[in-house]
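Take a look at the structure set out below.
The values are calculated or read from the model by the stated rules, or taken from the named source; none is laboratory data. Not measured: the values here are computed from a predicted model. Because the Cβ atoms are built from the backbone with ideal geometry, glycine has one as well, and the counts that use them run over all protein chains shown. Surface areas here come from the heavy atoms of the whole protein model, side chains and all, with no ligands, DNA or RNA. Shrake-Rupley method; radii C 1.70, N 1.55, O 1.52, S 1.80 Å.
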Amino acid sequence: MLRSCSTVVRRRCQPALLRNVSSEAQYEDYDAVIVGGGPAGLALAGALGSSQAVRDSLKISLIEAGDLSKVREWSPASGAFSNRVSSLTNASQAFLKDIGAWAHVEQERTCPIEDMEVWDGISDARIQFSASDLSLPADVQGMSRLTENLNLQRGLLRLLADTPSVHVSDKTKVTSIVRQGDEHGGWPLLHLDDGRVLRARLLIGADGFNSPVRNYAKIGSFGWSYDTQAIVATLNHAPRGAFQGPNTTAYQRFLPTGPIAFLPLSPTSSSLVWSTKPALAAAILASEPSVLPRMINAAFRLPDISMRYLHSRILEAQQAGNRLTGDQVREEIAWRESSHAIDAASAYASSQTTIGIPPEGSESLPPLVTCTQPGTPASFPLRFNHTESYIGEGLGGRTVLVGDAAHTVHPLAGQGLNLGLADVECLAQHINNAVLNGSDIGTRTVLLPYTQDRYFENHKLMSVFDKLHKLYGTSFEPVVQARSMGLEVLNEFDTLKAAIMMNAGSQPSKNTDMRATAFGLAGSAFEAASGVKKFADVATGAVGGMLVKGIQQWAQRSRTQ
């Protein structure tokens, strides 16, 4: 028999339930309906299903338009990887372990990120991050772990297969959402393309950027599209040599056209996320397959002036209807390396050999890409978007948003899915508390603490990502000098870098056991703070004045263009 209310408040709601069954038996009543079967929606269903109180009290449904059997049966060949990956922080992994999902993720297809190399594409100012600075527990490897999204989704589906309290319907589209009359509680009614109608005490939108749930709730949003396209691909390369460390370092170079990131997947495979101009992305992907790996190698090694020249050559050739071949690109790169006096045995040469002792500085650069895995190169537009609220009000009440339905960010920091999983963890906790307290999970009183906990935290990080994109998107010299000096100074303070990593979720949890580490780092930070203060007393005037003047000149020039 279908239930319209939780068992905790069943007695209070029994008359309304009887009236509904007698007069509107065509409705299927659920306490929570999740729309969207992506990682965020599946993780929320798994989190709710992992709670004994929720399992005993609530009936939950998940609706997905796509065919989830393709995810359940996903079984790629050994060494082949999907092009959509996420860098799951230790905090996200801890949450997935808590709900029982991480045990279903194929660990052999994940890779720890133990170090990061990040540098300015114009000045070459560099900062390094290392998990060894964090004093992590013995069972935690790396500051995050690269995981294919399909691997995570499949693991979550395997978890839900053992969770009978969650009903999953795939290949089912929501055709419309309407609000029931106030005399029946004003619950959302979901009309599905298979003829069913679901009535939800709480409707949860985990349905992405074009969210039907958000549209139903009339929750406004603000944002903009970046003039940027992200190229993604799975890369093949030679393994690291005997004199080098394992392939567990992530590399990111900030070019004026956008950042390029090289993320490790296995000893001989890595993932690419390259943000660049739409026309250039289209031209590179339209070229023969050997062009992309050559351009990737160049993007991590050649000076910006040569990269701009290569970009113009590729665009001009495409516009003339005569695309450059892989051999032509190789010859262009070789000539540019020669003009910059890059020795053939240097780590910055695109023709270096991997035999013998590696050249000096080789670990500061990613391995040379030999080819991309077939079918993996693709691109998609980038945007910034944030809703005005995470919960519906008035006629759009009893709704809540998580993940991409609530916020979309630039992938330069790799935090999109981590923000969504943090939403899921927070919302699941508030729903669980409401059940324990005998509260109606769809009321504003229950949902408001969720949006208070998550909205500012998400917006703060999203603003940082957006400003980083804009800060590194200019080649204006005063701004380049100021940001480079700041990056190099920060790189000298390991404690401050550790604090940044902790804030980004590199610690596996926020429980009491981890506070000792945090206080230890804080103690070291006081020692470093005196040095920072002395430096700041001398440098603040120079750096601050240069930065302010540079930004003013940059803004003035932008207005006149």
message = Going residue by residue through the range 51-58, is there one that turns out to be without any contact (Cβ under 8 Å) to a residue 40 or more places away in the chain and surrounded by fewer than 24 Cβ atoms within 10 Å (Cβ to Cβ)?
response = yes
task = Please verify whether the range 195-205 includes one or more residues that are out of contact with any helix residue (DSSP H, G or I) (no Cβ under 8 Å at 6 or more places or on another chain), among the hydrophobic types (A, V, I, L, M, F, W, C), surrounded by 17 or more Cβ atoms within 10 Å (Cβ to Cβ) and farther than 30 Å from residue 363 by Cβ.
result = yes
ask   = Since residue 429 meets every condition but one in (1) more than 16 Å from residue 33 (Cα to Cα); (2) in contact (Cβ under 8 Å) with a residue 12 or more places away in the chain, which condition does it not meet?
value = (2)
request  = Those residues that are out of contact with any Leu (no Cβ under 7 Å at 6 or more places or on another chain) and open to solvent by 30 Å² or more (accessible area, probe 1.4 Å), I need them from the range 392-410; list them, please.
outcome  = 393, 394, 395, 404
query = Can you tell me which residue in the range 380-391 is farthest from residue 204 (Cα to Cα), limited to those that are touching a helix residue (DSSP H, G or I) at 6+ places or on another chain (Cβ under 8 Å) and open to solvent by less than 50 Å² (accessible area, probe 1.4 Å)?
reply = 382
inquiry  = Scan the range 411-423 and tell me whether some residue there is more than 27 Å from residue 380 (Cβ to Cβ), open to solvent by 10 Å² or more (accessible area, probe 1.4 Å) and not β-branched (Val, Ile, Thr).
reply    = no
Subset of the range 112-142 that is open to solvent by less than 10 Å² (accessible area, probe 1.4 Å) and at negative phi - its residue that is modelled with the lowest pLDDT = 134
request  = Please tell me if residue 43 is modelled with pLDDT of 95 or more, within 15 Å of residue 428 (Cα to Cα) and surrounded by fewer than 23 Cβ atoms within 10 Å (Cβ to Cβ).
outcome  = no
task = Mind listing whichever residues of the range 93-108 are among the basic types (Lys, Arg) and surrounded by 19 or more Cβ atoms within 10 Å (Cβ to Cβ)?
result = none
remark   = Of the residues in the range 268-316, those that are in a helix (DSSP H, G or I), open to solvent by less than 50 Å² (accessible area, probe 1.4 Å) and among the aromatic types (Phe, Trp, Tyr) come to 300
key: Only one of 170, 182, 193, 162 that is acidic (Asp, Glu) and under 26 Å from the mean Cα position of the chain (by Cα)   = 170
note = The helices (runs of 4 or more DSSP H) lying wholly within the range 25-121 that contain at least 1 residues that are acidic (Asp, Glu) are 52-57, 90-98
message = Take residues that are closer than 21 Å to residue 396 by Cα and tell me which of the helices (runs of 4 or more DSSP H) falling wholly in the range 410-492 contain 1 or more.
response = 416-437, 444-471
